[in-house]
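Working notes, beginning with the structure itself.
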Amino acid sequence: MPLFVVEAISTIRHKYVIECNELDHAFDTVTIGEAAEFSQMFLGEQIITGHEITKDIFSEMNEMLKDVGDGTSYQPECGSPWLGDKIIHQVKY
């Protein structure tokens, strides 16, 4: 069966409560990461792209995660490369 990569974006609404003199100051406070989050709500997931890949491309993608997969700002993509082929979801028809 063919393999496909589907990329999606999850949307989360974050809410902050900030005491300050002007709304722009509240925006700035959130932008620089100083405000504590009051609440959040998951708003869904939107598919942005998808395409077919080979097993070789999957293996290359998985290897790359080993190098860039710690989730820090310098290495932003994270995943589970140690799972190998087990991470592939198989649709049962």
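The values are calculated or read from the model by the stated rules, or taken from the named source; none is laboratory data. Quick caveat: nothing in here was measured; it's all calculated off a predicted structure. So basically every Cβ, Gly included, is an ideal-geometry build from the backbone, and we count neighbours across all protein chains shown.
Of note:
- Among the residues of segment 41-54, those identified as more than 19 Å from the chain's Cα centre (by Cα) and surrounded by 10 or more Cβ atoms within 10 Å (Cβ to Cβ) are ILE53, THR54.
- A Cβ distance below 9 Å, combined with a sequence gap of six or more or placement on separate chains, defines the contacts here; from segment 1-23, residues that are at negative phi and outside the structural domain of ALA36 (by TED's automatic domain parsing) reach no residue that is outside any strand (DSSP E or B) and loosely packed, with under 10 Cβ neighbours inside 10 Å.
- Residues in segment 52-70 that are touching a strand residue (DSSP E or B) at 6+ places or on another chain (Cβ under 6 Å) and part of a strand (DSSP E or B): GLU52, ILE53.
- Residue that is nearest to GLU77 (Cα to Cα) [pool: residues in segment 4-49 that are touching a Phe, Trp or Tyr at 6+ places or on another chain (Cβ under 6 Å) and assigned to a strand (DSSP E or B)]: ILE12
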